[in-house]
Amino acid sequence: MMRYVFGKLLLTVPTLAILSVVIFALIRMVPGDPAVFMVGDLADAAALDEARRELGLDRPYAVQYFLWLGNVLSGDLGRSVMTGQPVTEAIAARFPVTAQVVLVAMALALLAAVPAGLFAGWRHNTPADFAVVLIMNIFLSIPSFWMGLMLILAFGIYLDWLPTVGYVSVADDLAAGLEYLIMPVLAVVFIEVATLTRMMRASTIEVLRQEYVTHARAKGLPERVVLARHVFKNAFAPTLTLMGLMLGSLLGGVAVIETVFTLPGIGRLLVDSIYARDYGVVQGVLLFVALTYVAVNLTVDLLYPVFDPRVRL
C-alpha cells in the first residue's frame with residue numbers, strides 16, 4: 001500500500017514540471033505586450049523598455065522561466081498589471097466562491113447519481129432503465145449557460161423567489177448567501193449528474209455480469225445485500241475516478257456559470273484577466289488550476305484502494 005502511495009506522489013513531480021513549462025510557453029505565445037497595457041500604447045519607447053525591464057520581459061525565455069519558477073516555489077505568483085494586487089491574494093479571495101458552488105453541486109450530484117445509476121444498471125433493459133437513461137440524456141444535452149439562464153428566468157424573474165444578480169458570502173450572511181448559491185449549484189448539478197449516472201449505470205451492468213455476483217446470488221443472499229456488498233464498491237470505483245476528473249476541472253473555474261450568475265469566482269477572474277490582457281494573473285490562475293486538478297486527482301487515486309482492494313495488491 002505504501003509503495004502505491006509513494007508511486008502516485010512521485011508521479012506528480014514530473015507532471016507539475018511539465019505543466020509549468022506548458023503554461024509559461026502558452027502565455028508567451030499569446031499576442032500582445034503586457035508592457036503596453038501597463039504604461040499605455042501612447043507611451044514612448046523609453047517608458048516601454050522600462051516597463052519590460054520591470055516585468056522581466058527583456059531577459060531570455062529560459063531565464064524568465066526559472067525566475068518565475070523560483071518565485072512560484074516561494075509562494076509568489078506575481079502581481080496584476082492592471083491593479084497591482086498580488087495574484088495569490090486575488091486567487092485566495094475568489095477561489096472560496098468557486099469551491100462553495102462546486103463542492104455542494106458535486107455532493108448533490110453524487111447523492112443523486114449513485115443510486116440512480118445503480119438502480120438503472122440493476123434494472124437493465126427495463127422501462128425503468130430506459131426512463132433514467134432518457135432523463136440523463138436530456139440533462140446531458142442542455143448547455144450549462146442555457147440552464148443557468150432558464151433558472152434565472154423561472155426562479156428569479158417569473159417567480160421572483162431568488163436573486164438574479166450579485167453575490168453575498170455565506171460567512172457574512174448565511175441565509176442570503178444560500179439564496180445566491182441555489183441557482184448556480186442547480187445549474188452545475190443538472191449537467192454533472194447525467195455524466196455520473198451514466199458511468200455508474202455502465203459500471204453496475206458490467207459488475208453484475210461477474211461470476212462472484214452470480215455466486216453470491218446462488219448462495220441465496222438477498223438482492224439488496226448483493227447490490228450493497230458485492231456490486232456497489234466495485235461499480236463505484238470508475239465513478240470515483242470520473243468524479244475526480246470532473247471535480248478538478250470544475251474547481252479550476254466554472255467560468256460560464258460564474259459569468260451567467262455574476263459570481264466573483266476564480267473562473268470569472270480568469271475570463272476578466274484574459275479580456276484585460278493581464279497575463280500575470282492569467283498565468284497564475286492557470287497554474288493554480290493545474291495544481292488543483294492534480295491535487296484532486298491524486299486524492300482520488302489514493303482513495304481508490306478503499307473501493308477496489310485489488311489496487312492494494
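Coordinate-derived values only; no laboratory data. Everything numeric in this text was worked out from a predicted model, so none of it was measured. Counting neighbours? That spans all protein chains shown, and the Cβs are built from the backbone with ideal geometry, glycine included.
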field: Net charge dipole size for region 223-280 [Lys, Arg +1 and Asp, Glu -1 on Cβ; Debye, nearest 20]
entry: 320
Cβ-based net charge around Leu269, under 12 Å, with every Lys or Arg adding one and every Asp or Glu removing one: -2
- prompt: Sequence-distant or interchain residues sharing an amide H contact under 5 Å with Arg79, placed H: which?
  reply: Val87
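Would you mind counting up the charge near Val225? Only other residues with Cβ under 12 Å from its Cβ, with Lys and Arg at +1 and Asp and Glu at -1.
+3
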field: Phi to ³J(HN,Hα) by Karplus 6.51 cos²θ - 1.76 cosθ + 1.60 over region 198-203, Hz, x for Gly, Pro
entry: 4, 5, 5, 5, 4, 5
task: Work out the FRET efficiency for Leu140 and Thr83 from their Cβ-Cβ distance, taking R0 = 51 Å, and round it to the nearest 0.05.
output: 0.85
Region 237-276-region 87-138 distance, computed between alpha-carbon centres (Å): 15
